[in-house]
Ligand SMILES: C[S@@+](CC[C@H](N)C(=O)[O-])C[C@H]1O[C@@H](n2cnc3c(N)ncnc32)[C@H](O)[C@@H]1O
């Protein structure tokens, strides 16, 4: 920017004067009172001009006086004349002089700053140095030009302030901005009131957007239940599920997994885990209740003696590749009396010392978390969803004593409602959707709904339809004889699947079981080598 070289006072012809092309003041406004005053006292103070050539001078300050002089037929006027200004300096000086006298409205200021940037190439830092305000206030001023032109006019007229404008800009949608600006005007809203209206609107819009993303629980025969394989949950959009709570089949010979080899079991689980990872929100949790296989006799089930097949690392490996990581582990103590109804501990004269077996009375609940940031609903829902201190004291320790289900009414492997309830309360917000891809009897959906969440689930075995209907209150009728007989059969199977008696179990090194890596088919091999 060039500096002034000469600064003199001259009497110039009105016809020699034209408005500086980059003058920040766009309109002269009402000239009546100025006209009356000039008529009475004449033009007292000189206008400021920049010399372009002998016959042309640009008025950078005082152009309203020139206009009145023209109207009154005045032929000459005293001018402070600057020479040697480049256009950028003229524009800037014009701004400074007019702004000093608070003659510019906020839109004129914004337009001028835009001109300084776009036409003369000044950066925000340059503008800060030149006195246009801090870089962020320059940006704020420029942002006003994003307002619809009707709203800009309201600011020019002074019916709305720049703070109104800044608040309205948070609405994003220009139609909505115009509508709210009109309301602000007609109701005489302060900028603060306008801000609160805008914030309420945005909050509601966010909630609507979230509920639009949420899957609608289908109103089919059993609302929210899909009788199909969960390896395809295409009904559920990506990242539409707030929490997954489930207990997959363990591959321990339950009637719903009869004839399924260990390798097939892993293929089933892996496909469902991939879908779960897709539908879960970023930062969302999967609570998976899955026990180790206690009497594992190899992939073909033919080994002469059994060993434990741990499962947590297999799930970890399956989920890790989808960005879902094992974060915590809860030990569900499902029977605090280790000898209740126990058929495996026969402490008799035949029991060999140094060969005692541990009686399994617990199962792990693996807590996985998907990477990314967990989005939160409105503050009131967050507050309503939060655990109480008492709940936290009960849930945070890693051991949960919760009695197992003793009466399997229509499904052989139900988990207790209390277990599901704790997971839902800990890891989901009220109003979110909780998914169970291995629905079984429908426990997860039932508890989710009782806790003010939506519940959806997949079950591929339609034999459990009536049980699910009963649990979810879709049909009130009692189990049919068929189902009752079936339940008994299932209980018998369960008994048969209890761990073996200690005295017949020999953990000898001779003939030791194949390792998990060996028993699983080649393409599953890597799953067990976490
Ligand atoms: C351990 S049970 C779940 C019991 C459930 N937690 C309850 O409280 O009733 C596992 C269930 O998953 C079902 N299942 C197994 N593989 C499945 C798959 N790929 N898709 C859907 N359901 C499946 C089985 O039929 C079985 O009912």
Inset, instruction - Quickly work out the residue 161-to-residue 76 label distance, labels modelled 7 Å from Cα along the C-beta direction, and quote it in nm with one decimal. - result: 4.7
Inset, instruction - Within region 422-436, find all residues whose amide N lies under 20 Å from a label point positioned 7 Å from the Cα of residue 401 along Cα-to-beta-carbon. - result: 422-423
Inset, instruction - Return 64, 463 ranked ascending by Cβ neighbour count within 10 Å, so the fewest neighbours appear first. - result: 463, 64
Inset, instruction - In whole angstrom, note down how far apart the Cα centers of region 72-93 and region 131-188 are. - result: 32
Inset, instruction - Rounded to the nearest Å, what's the spacing between the alpha carbon centres of region 240-297 and region 405-470? Just the number, please. - result: 15
Legend entry - residue 187 paired with residue 351, simple spin-label distance in nm, labels 7 Å along Cα-to-beta-carbon: 7.7
Inset, instruction - Rank-order 123-133, 421-431 by packing density, defined as the average count of other C-beta atoms within 10 Å over each peptide's residues, highest first. - result: 421-431, 123-133
Inset, instruction - For each of 78, 347, count neighbouring Cβ atoms within 10 Å of the residue's Cβ, then give the residues from fewest to most. - result: 347, 78
Legend entry - Net lengthening on full extension, residue 387/residue 39 (0.36 nm per residue, minus Cα-Cα): 117.5 nm
Inset, instruction - Using per-residue counts of other Cβ atoms within 10 Å, averaged over each peptide, order 49-56, 451-458, 401-408 from highest down. - result: 451-458, 49-56, 401-408
Legend entry - Using distinct alpha-carbon pairs, which all enter the 1/r mean, Kirkwood radius of region 147-213 in Å: 12.0
Inset, instruction - Could you tell me what percent of the DSSP beta bridges with both partners in region 7-129 are antiparallel, to the nearest 5? - result: 60
Inset, instruction - Set the Förster radius R0 to 60 Å, insert the Cβ-Cβ distance between residue 120 and residue 394 as r into 1/(1 + (r/R0)^6), and round the FRET efficiency to 0.05. - result: 0.35
Legend entry - Calculated FRET efficiency for the pair residue 379/residue 52, C-beta based, R₀ 56 Å, to 0.05: 0.40
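Please compute the length gained on full extension between residue 463 and residue 28, using 0.36 nm multiplied by the number of residues separating them and subtracting their Cα-Cα distance.
148.2 nm
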Inset, instruction - Please work out the FRET efficiency for the pair residue 312 and residue 173, using the Cβ-Cβ distance as r and a Förster radius of 45 Å; give the result to the nearest 0.05. - result: 0.40
Inset, instruction - Please give, to one decimal in nm, the separation of the simple spin-label points placed at residue 203 and residue 228, each 7 Å out from Cα toward the Cβ. - result: 3.9
Legend entry - Over region 1-113, relative contact order from alpha-carbon pairs under 8 Å, at least 6 apart, %: 43
Legend entry - Segment residue 329-residue 15, length gained on full extension (0.36 nm per residue, minus Cα span): 104.3 nm
Legend entry - Per-peptide average of other Cβ atoms within 10 Å, ordering 226-232, 393-399 highest first: 226-232, 393-399
Legend entry - Sorted by Cβ density within 10 Å, fewest first, the residues 96, 198, 81, 151: 96, 81, 198, 151
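Readers should treat all values here as calculations from the given coordinates under stated rules, not as data from a laboratory. Fair warning: this is a prediction, and the values are worked out from it, not measured in the lab. No Cβ is skipped: glycine too gets one built from the backbone with ideal geometry, and neighbour counts run over all protein chains shown.
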